[in-house]
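**Q** First the structure, which I've put down as structure tokens, then a few questions once you've had a look.
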Amino acid sequence: MTVLGPDVWPPAPIRTERLVLRGSEARDRAAVIELGASPEVGTYLGGPRPRAELERTVPEVPGRRPGFFVVELDGAAIGTVQLDPQNPGTPVHRREAGETHLGYLFLPDAWGHGYAGEACAAALDWFSGVLPGEPVVLYTQTANVRSMRLAAKLGFTELERFEAYGAEQWFGVRSSAR
């Protein structure tokens, strides 16, 4: 299994034209709770989680793990990008396509400005530098048109569609040797 170890995590902050990607800090807790509680963000993720539950369960420093980037715009957290190991319960043929899964969440006010594409591209470039040739996989609901467009823009190729969580899902892979 591909692991981002202490020799590469946390990286120095990654700066793009407009954004900073960095490891999580205590000041990010409110934004992480807002991401989880937002009905808009939860539309294709099974719905929002109750804010009270998130207040109880989100740690003081949320997402403190290798591959979890906070995305910052002008000093404020606007979202997260995650490069996580695929769940061991994932069907073997999907795990064989790539052990690392790309996920991202952005606050609704940040939608429509290209931030997700900019942040995901920067995280994928960093990952390609750390683990050259290692593929990355992505899952999204086919109903999430914006996510489907972003997957194509980032160079993900469809491998299959399947039913899960009461909706059609899209599964794709991106080779870092593009």
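The values are calculated or read from the model by the stated rules, or taken from the named source; none is laboratory data. Quick caveat, the model's predicted, so the values are computed rather than measured. When we count neighbours, we look across all protein chains shown, and the Cβ atoms used for this are built from the backbone with ideal geometry, even at glycine.
**Q** Considering only segment 32-47, how many residues are in a loop (DSSP other than H, G, I, E, B) and surrounded by 15 or more Cβ atoms within 10 Å (Cβ to Cβ)?
**A** Of the residues in that region, 2 qualify.
**Q** Among what's in segment 74-96 and is of a type in the set (S, T, N, Q) and under 17 Å from Phe127 (Cβ atoms), pick the residue that is surrounded by the fewest Cβ atoms within 10 Å (Cβ to Cβ).
**A** The residue in question is Gln82.
**Q** Considering only residues that are part of a loop (DSSP other than H, G, I, E, B) and either crowded, with 19+ Cβ neighbours inside 10 Å or touching a Leu at 6+ places or on another chain (Cβ under 8 Å) (or both), which ones fall in segment 100-129?
**A** Of everything in segment 100-129, just one residue is part of a loop (DSSP other than H, G, I, E, B) and either crowded, with 19+ Cβ neighbours inside 10 Å or touching a Leu at 6+ places or on another chain (Cβ under 8 Å) (or both), namely Leu107.
**Q** Next up: Being free of Cβ contacts under 8 Å to residues at least 24 places away in the same chain, more than 20 Å from Glu40 (Cα to Cα) and in contact with a Phe, Trp or Tyr (Cβ under 6 Å, 6 or more places away or on another chain) narrows it down to one of Arg161, Arg174, so name that one.
**A** Arg161 is the lone residue from the list that is free of Cβ contacts under 8 Å to residues at least 24 places away in the same chain, more than 20 Å from Glu40 (Cα to Cα) and in contact with a Phe, Trp or Tyr (Cβ under 6 Å, 6 or more places away or on another chain).
**Q** List pairs: first residue in segment 19-33 and in contact (Cβ under 8 Å) with a residue 60 or more places away in the chain, second residue acidic (Asp, Glu) anywhere in the structure, Cβ distance under 7 angstrom, at least six positions apart or on different chains.
**A** Qualifying pairs under 7 Å: Leu19/Glu72; Leu19/Glu118.
**Q** Pull up segment 130-149, narrow it to residues that are farther than 19 Å from Phe68 by Cβ and of a type in the set (A, V, I, L, M), then point me to the one that is surrounded by the fewest Cβ atoms within 10 Å (Cβ to Cβ).
**A** Residue satisfying both the conditions and the ranking: Val145.
**Q** Of Leu83, Leu45, which residue is within 24 Å of Phe171 (Cβ to Cβ) and modelled with pLDDT of 95 or more?
**A** The conditions single out Leu83.
**Q** Look at Gly5 and say whether it is under 17 Å from the mean Cα position of the chain (by Cα), farther than 20 Å from Ala110 by Cα, in contact (Cβ under 8 Å) with a residue 60 or more places away in the chain and assigned to a loop (DSSP other than H, G, I, E, B).
**A** For Gly5, the condition - under 17 Å from the mean Cα position of the chain (by Cα), farther than 20 Å from Ala110 by Cα, in contact (Cβ under 8 Å) with a residue 60 or more places away in the chain and assigned to a loop (DSSP other than H, G, I, E, B) - is not met.
**Q** Let me ask something additional. Considering only segment 122-151, how many residues are within 16 Å of Ile78 (Cβ to Cβ), more than 11 Å from the chain's Cα centre (by Cα) and among the hydrophobic types (A, V, I, L, M, F, W, C)?
**A** 2
**Q** Can you tell me which residues in segment 132-172 are out of contact with any Ser or Thr (no Cβ under 8 Å at 6 or more places or on another chain) and among the basic types (Lys, Arg)?
**A** Arg146, Arg149, Lys153
**Q** Among Val130, Val81, which is within 24 Å of Gly5 (Cα to Cα), touching a residue at least 60 places away in the same chain (Cβ under 8 Å) and touching a Cys at 6+ places or on another chain (Cβ under 7 Å)?
**A** Going through Val130, Val81 in turn, the sole match is Val81.
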